[in-house]
1. Can you list the HN-Hα couplings for region 152-159, worked out from phi with the Karplus curve (6.51, -1.76, 1.60; θ = phi - 60°), rounded to whole Hz and with x for Gly and Pro?
2. Keeping the other protein chains in place, figure out the carbon and sulfur percent of the accessible area of region 45-185, with a 1.4 Å probe.
3. Whole-Hz Karplus ³J(HN,Hα) for region 136-145, in order, using 6.51 cos²θ - 1.76 cosθ + 1.60 and θ = phi - 60°, x for Gly and Pro?
4. How far, in nm, would the chain grow between Asp108 and Glu34 when pulled straight, counting 0.36 nm per residue and subtracting the alpha carbon separation?
5. Could you quote the convex hull projected area for region 69-120, Cα atoms only and averaged over all directions, in nm²?
6. Send over a whole-number figure in Å² for the accessible area per residue of region 45-185, probe 1.4 Å.
7. Separation between the Glu68 and Ser160 pseudo-spin-labels, each 7 Å from Cα along Cα→Cβ, expressed in nm?
8. Amide H to amide H under 5 Å from Asp78: which residues, 5+ apart in sequence or cross-chain, H placed 1.01 Å off N in plane?
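The values are calculated or read from the model by the stated rules, or taken from the named source; none is laboratory data. No experiment lies behind these values; they were computed from the predicted model shown. FYI the Cβ positions are ideal-geometry reconstructions off the backbone, even for glycines, and counts take in every protein chain you see. Side chains are part of the model used for accessible areas, which takes the heavy atoms of the whole protein and leaves out ligands, DNA and RNA. Shrake-Rupley method; radii C 1.70, N 1.55, O 1.52, S 1.80 Å.
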Amino acid sequence: MMKKLAGWWFPLMLALALGGVSFWLDRVSQLETEEVALSPHEPQYEIFGIQAKRFGADGAVAEQLTAERAWQFPARSDAYLAKPDIVFAPHSGEHYRVQAAQAHYVNDHETVALSGGVVLVKPATADSPAGRMETDTLTIDTDTQTARTEDWVRYRYGASHGTAQGMVYDHAARRLNLSSRIKAVIYDPQTDHP
């Protein structure tokens, strides 16, 4: 009988010892994490010295962005840029450059809200003269390729120039609609200078 008990004693003690070691290793290897709520008023991410390019289907650069700084707040998909400089289609014959003090990119709506000394520049091409528009705010819808503002606009297109309260620019239709209080001097681009 003693021999039978000795036969059970060793495996039982071994099983208990291995169980204890296994329990101890499990407790040691578990990390206790505590989730800390981030302040919604302070950026979660901040990046300095941004240079980005987006390529089109043909492999050419479709958009180019530089900015001093970008930041994003916790639990939000939109982002902010300081001193953005955006060039649309930089290697094509017709490209546009937009600069501002700040930009707010809303990913859900594919819009960029620019503010603070917004300048939109279009260089001259063989088919059209150079253009420049200045305003305080400008909202660009990248999906519909439209830009709009309700603020005062100062513009120059070739020899033509003027001001207006608000505007909508449709890039696909190549149409600029000035909303109200328009003062303009318009010259026909087919004739010589004014």
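1. 5, 10, 10, 9, 9, 9, x, 7
2. Numbers: 4160 of 8110 Å².
Exposed carbon and sulfur together represent 51 percent of the surface.
3. Karplus values, whole Hz, x for Gly and Pro: 8, 9, 8, 10, 10, 9, 6, 6, 8, 6.
4. Working: separation 74, 0.36 × 74 = 26.64 nm, distance 3.07 nm.
Additional length available on full extension: 23.6 nm.
5. Working: hull surface 16.3 nm².
One quarter of the hull surface, i.e. the mean projection, equals 4.1 nm².
6. Details: 8110 Å² over 141 residues.
For region 45-185, the per-residue accessible area is 57 Å².
7. Once both label points are built, they end up 3.6 nm from each other.
8. Distant-sequence amide H within range of Asp78: Asn107.
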